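Reading through the structure tokens given below for one structure.
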Amino acid sequence: MRTRWIAAGALVLVLMLLAVAGGRFRGATAASAPDLEGLIKTKGLTPDQVRAAVQTFVPPGKYDEYLMFSSGGQSGQVLVFGMPSMRLLRVIGVFSPESWQGYGFSNETKEILREQAQAKEALTWGDTHHPAISETNAEYDGQFLFINDKANARIAVIDLRDFSTKQIIRNPNAASNHGAVVSPNTEYILEGTQYAAPFPFKHVPLTQENYNKSYRGLATFWKFDRAKGRIDPSASFQIELPPYWQDLADFGKFESDGWVFMNSFNTERAIGGTLEKKPALEIGASANDVDYMHIINYKKAAQLIASGKGTTVNGIKVLSLADAIANGVLYFAPEPKSPHGNDIAPRGDYVVIGGKLDPNVTIYSVKKIQQAIKDKAFSGKDPYGVPILSFDKVMEAQVKIGLGPLHTQFDDQGNAYTSLFLDSAVAKWTLGGPYKKPAEAWKLVDKLPVQYNIGHLAAVMGDTAKPGGKYLVALNKWSVDQYTNVGPLFPQNFQLIDISGEKMKLLSNTPVGMAEPHLSQIIPMDKVKSWAVYPDVGMNPLTMKVDPNATAPGKQRIVRKGKTVEVWMTAMRSHFTPDRIQVRQGDTVILHITNIERAKDAIHGFAIDRYNVNLSLEPGKYESVKFVADRTGVFPFYCTEFCSALHLEMAGYLEVAP
Ligand code: RUQ
Ligand code: CUA
């Protein structure tokens with residue numbers, strides 16, 4: 001303990017010397033020295049903690065080094081943190097309305113939330129799990145972000161120029177999804193189904209016989225049109241899979257380019273029945289010693305679809321299971337007990353699988369997989385006829401790392417980091433092959449306890465071809481005793497870990513009190529080139545073009561046509577023009593509002609009493625809103641962003657006469 005204090009004192013001294021040398025605290029006297037030391041002492045900080053505090057502190061006005069995009073779980077949104085400070089910088093409305101950003105209130109964003117094809121009414125929530133930053137040559141390029149909604153089988157496209165959602169695609173044949181990952185050049189976003197469902201989707205009574213025969217999983221390859229910034233369903237396709245509850249997936253790269261690896265965890269085809277005294281799903285689905293990693297040649301599948309194989313089901317082309325098997329598109333490899341996680345090493349040469357009920361991570365060699373396919377080294381076929389590669393022929397190594405291994409990330413030194421759910425720890429272990437010398441290969445080298453029950457982890461660019469090392473974030477599901485009690489709905493706990501040295505070091509805790517983030521991805525700040533203002537005045541955030549209804553100064557007007565009143569309005573510090581609107585009960589009111597400001601951060605809001613309207617109008621943005629004035633009265637409208645000294649005066653009246 002004593003030596004610790006001496007070390008802490010020495011660190012403080014060094015800090016002070018640095019400060020004085022830098023001339024930053026001119027006028028600092030000897031009297032301030034005990035203050036800092038006293039503070040450290042009073043708080044009982046260890047030298048490591050003082051170092052961690054300094055390392056993660058970002059002074060006011062300075063920027064973080066990295067951005068972390070995190071799923072927002074059942075909030076349906078995406079969270080954006082600065083790293084290493086772990087300050088929350090943005091929430092992006094994706095699957096749920098988010099009033100402060102007007103998301104789901106304007107015509108433009110309502111249309112996004114109506115998510116095309118199916119639901120009669122827009123769904124108002126989602127369960128986001130897996131954010132995926134767009135990639136070029138298997139590295140994050142910072143242009144787009146994709147994220148899945150597990151609950152409703154949807155994928156969203158977010159444009160990182162303005163950090164807002166542009167498209168939500170509903171999978172017409174799936175009932176839930178899980179993994180969402182992008183191919184090395186973002187040609188495709190892969191959406192795997194989670195819970196098998198009748199295919200094509202309809203009611204098929206849930207009996208074992210029906211389940212085996214008519215229920216299916218799907219791998220959906222959504223084609224992304226980068227120029228348009230949209231998924232193109234007409235160029236997308238699906239591959240029919242057995243009803244094995246497909247889980248996480250990853251695209252191969254370099255030597256595994258053209259392939260996808262995906263795990264599954266219910267090859268038992270359990271269907272539950274707890275009230276009928278049948279084994280619960282969790283028991284039924286964990287009975288087998290192995291499940292099957294799916295090895296999918298998606299480039300071949302795309303060629304088959306292009307050459308006319310496949311049938312269109314609910315508007316999307318589907319390659320049947322039989323065709324996938326017959327044409328060498330689908331193979332299985334056994335994967336140990338209740339697999340989870342499916343992560344490809346930086347060079348695309350190994351696939352790492354965790355086993356929730358196995359103390360090992362299992363590493364498969366891509367070369368061995370390719371050779372085994374060539375040699376037809378099969379140990380059998382599954383009930384649907386899918387060839388199963390012999391485990392011994394494709395497995396490269398197993399590393400015993402602890403209980404409940406889930407997900408794996410990589411650094412720039414040939415190390416891998418795997419979350420251990422049951423152990424509540426992160427395991428650091430070494431890769432082999434080209435990453436480390438043979439004597440150092442495939443070894444557990446460090447373990448760090450985390451608080452508690454870690455799910456995913458995210459390292460800087462840790463799932464790309466060029467991992468950055470340096471930091472890792474543990475996304476812990478339980479926080480238990482880490483924070484002051486704020487009621488029984490506990491926050492999640494993000495823990496920032498320094499991975500630059502041999503031993504991992506815990507740096508900070510960040511409570512996430514607004515949903516259960518699953519996965520994050522971390523990108524250097526300078527790789528994301530976002531706009532500070534919309535580049536042209538009157539830009540429609542949906543089309544990313546100047547809207548024909550954008551209003552220039554001097555062109556503001558109110559036009560009545562029959563029972564429709566249309567208003568072309570501008571917002572500018574500190575008034576709306578026009579600020580008085582008169583309509584009759586039952587009129588349809590359409591407001592076109594343009595923020596004509598050019599100054600950064602000169603944001604206006606637009607809210608109307610009792611009409612459930614609130615927009616966020618960033619500089620240059622155009623948005624519109626439409627409602628039926630079914631209630632008579634005089635309704636104030638006002639700006640909801642404190643934009644100027646006369647912000648309170650930025651208001652007007654909507655008169656609805658009987
Ligand atoms: S997976 S439960 Cu990302 Cu571990 Cu969704
Ligand atoms: Cu504009 Cu307040």
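Every number in this text was worked out from the coordinates using simple rules, so none of it is lab data. Here the structure is a predicted model, which means the values were calculated and not measured. Reconstructed Cβ throughout: ideal geometry from the backbone, glycine too, with neighbour counts over all protein chains shown.
Cα convex hull of region 466-509: how many Å³ per residue?
Convex hull volume per residue, Cα atoms: 79 Å³.
Rounded to the nearest 5, what % of the DSSP beta bridges within region 274-351 are antiparallel ones?
That works out to approximately 100 percent antiparallel.
Suppose R0 equals 60 Å. What FRET efficiency, 1/(1 + (r/R0)^6) with r the Cβ-Cβ distance, do ASP526 and VAL204 give to the nearest 0.05?
0.70
So which lysines can LYS621 reach, going by Cα to Cα under 22 Å and dropping same-chain residues fewer than 8 places off?
LYS110, LYS166, LYS228, LYS529, LYS545, LYS555, LYS600
State the antiparallel share, in %, of DSSP beta bridges confined to region 559-608, rounding to the nearest 5.
Rounded to the nearest five, the antiparallel share is 45 percent.
Could you grab the relative contact order for the chain? Cα pairs under 8 Å, six or more apart, rounded to a whole percent.
Here the relative contact order equals 10 percent.
Taking the Cβ of LYS43 as the centre, find all other residues whose Cβ is under 13 Å away and add up their charges (Lys, Arg: +1; Asp, Glu: -1).
That works out to -1.
Going down the list LYS253/LYS374; LYS447/LYS470; LYS443/LYS477; LYS43/LYS470; LYS356/LYS477, which pairs span over 18 Å between their C-alpha atoms? Walk me through the numbers on the way to the answer.
Numbers: LYS253/LYS374 20 Å; LYS447/LYS470 16 Å; LYS443/LYS477 27 Å; LYS43/LYS470 27 Å; LYS356/LYS477 15 Å.
Check vs 18 Å cut-off fails for LYS253/LYS374; LYS443/LYS477; LYS43/LYS470.
May I ask for log10 I(q)/I(0) of region 564-633 at q = 0.15, 0.28 Å⁻¹, from a Debye sum over the Cα atoms as equal point scatterers with solvent left out?
-0.48, -1.35
Less than 13 Å Cβ to Cβ from ASP587, Lys/Arg counted +1 and Asp/Glu -1: what total charge do the surrounding residues give?
My count for the surroundings of ASP587 gives +3.
Report, ordered by chain and residue number, the lysines lying within cross-link reach of LYS561, taken as a straight Cα distance under 20 Å and ignoring same-chain residues fewer than 8 apart.
Once the sequence-local lysines are set aside, what remains near LYS561 is LYS626.
Assuming a ≥ b ≥ c are the square roots of the Cα gyration tensor eigenvalues, decide whether region 273-348 counts as rounded (a/c under 1.5), prolate (otherwise, with a/b larger than b/c) or oblate.
Values: a/c = 2.85, a/b = 1.53, b/c = 1.86.
Oblate, since a/c reaches 1.5 and b/c is not below a/b.
What list of ³J(HN,Hα) couplings, whole Hz, do you get for region 626-639 from phi and the Karplus terms 6.51, -1.76, 1.60, once you set θ to phi - 60° and write x for glycine and proline?
9, 7, 9, 7, 8, 10, 7, x, 10, 10, x, 10, 8, 7
Count neighbours as other Cβ atoms within 10 Å of each site's Cβ, and list the GluC sites (Glu not before Pro) in region 188-283 that are DSSP loop with at most 16 such neighbours.
Listed in order of number, the matching sites are GLU276.
Name the long-range amide H neighbours of VAL94: under 5 Å, sequence gap of 5 or more, or other chain; modelled H, no Pro or chain starts.
Correct list: VAL78.
Cα to Cα, under 13 Å, and not fewer than 8 places away if on the same chain: which aspartates and glutamates meet these conditions relative to LYS337?
LYS337 reaches GLU268, GLU282, ASP289, ASP291, ASP358.
Taking only the C-alpha atoms, wrap a convex hull around the chain and report its volume per residue in Å³ as a whole number.
Here the figure is 202 Å³ per residue.
Filter the chymotrypsin sites (Phe, Trp or Tyr not before Pro) in region 345-395 down to the DSSP loop ones having no more than 13 other Cβ atoms within 10 Å, then list what survives.
Of the chymotrypsin sites (Phe, Trp or Tyr not before Pro), not one in the loops of region 345-395 has a Cβ with at most 13 other Cβ atoms within 10 Å.
If we count every other residue with Cβ under 15 angstrom of VAL528's Cβ, Lys/Arg +1 and Asp/Glu -1, where does the sum land?
Summing Lys/Arg as +1 and Asp/Glu as -1 gives -4.
Whose amide H sits under 5 Å from the amide H of LEU248, counting only residues 5 or more places off or on another chain, with H placed in the peptide plane?
Correct list: ASN263, GLY341.
Compute the relative contact order of region 276-390 as a whole-number percentage, counting only Cα pairs closer than 8 Å that sit 6 or more residues apart in sequence.
22 percent
Could you list which residues have their amide H under 5 Å from that of PHE144, counting only those 5 or more apart in sequence or on another chain, with H placed in the peptide plane?
SER134, LEU160
Note down the nm distance, to one decimal, between modelled labels 7 Å out along Cα→Cβ at SER234 and at VAL559.
It works out to 3.1 nm between the two label points.
Find how much the distance from VAL58 to ASP536 grows on full extension, using 0.36 nm per residue of separation minus their present alpha carbon separation; answer in nm with one decimal.
Length gained between VAL58 and ASP536: 168.8 nm.
In square nanometres, what is one fourth of the surface area of the convex hull spanned by the alpha carbons of region 37-136?
Computed as one quarter of the Cα hull surface, the answer is 10.4 nm².
Could you list VAL546, VAL589 in order of exposure, starting from the residue whose Cβ has the fewest other Cβ atoms within 10 Å?
VAL546, VAL589
So for the pair PHE642, ASN314, with labels modelled 7 Å out along Cα→Cβ, what separation do we get in nm?
According to this spin-label approximation, the distance is 4.8 nm.
Any chance you could list the semi-axes, whole Å, largest first, of the equivalent ellipsoid that the Cα gyration tensor gives for region 382-521, using √(5λ)?
29, 20, 13
Based on DSSP, what percent of beta bridges with both residues in the chain are antiparallel, to the nearest 5? Could you put the intermediate results ahead of the total?
Working: 152 of 171 bridges.
Of those bridges, close to 90 percent are antiparallel.
Taking the simple approach of a point 7 Å from Cα along Cα-to-Cβ for both VAL480 and LYS277, what is their distance in nm?
The two pseudo-label positions are separated by 3.8 nm.
At a 10 Å Cβ-Cβ cut-off, how would you order ASP232, ASP48, fewest neighbours first?
Ordered by Cβ neighbours within 10 Å, fewest first: ASP232, ASP48.
List the relative contact order of region 136-245 as a percent without decimals, with contacts defined as Cα pairs under 8 Å and 6+ residues apart.
Relative contact order comes out at 21 percent.
Among the listed pairs LYS150/LYS309; LYS300/LYS368; LYS317/LYS527, which have their C-alpha atoms separated by more than 31 angstrom in this model?
Pairs exceeding the cut-off: LYS317/LYS527.
Counting other C-beta atoms within 10 Å, and keeping those with at most 16, which DSSP coil trypsin sites (Lys or Arg not before Pro) do you find in region 475-529?
Working: sites: LYS477, LYS503, LYS505, LYS527, LYS529; in loops: LYS477, LYS503, LYS529.
The qualifying sites are LYS503, LYS529.
If you stretched the chain out fully between LYS437 and ASN288, how much longer would it get, using 0.36 nm times the residue separation minus the C-alpha to C-alpha distance?
My answer for the length gained is 50.1 nm.
Which ordering of SER106, SER256 is given by a fewest-first count of other beta-carbon atoms within 10 Å? Don't skip to the end; give the middle numbers.
On the way: SER106 27, SER256 24.
Taking fewest neighbouring Cβ atoms as first place, the list is SER256, SER106.
In whole Å and largest first, what semi-axes does the C-alpha gyration tensor of region 448-588 yield when each eigenvalue is scaled by 5 and square-rooted?
Numbers: eigenvalues 500, 100, 32 Å².
Taking √(5λ) for each eigenvalue gives 50, 22, 13 Å, largest first.
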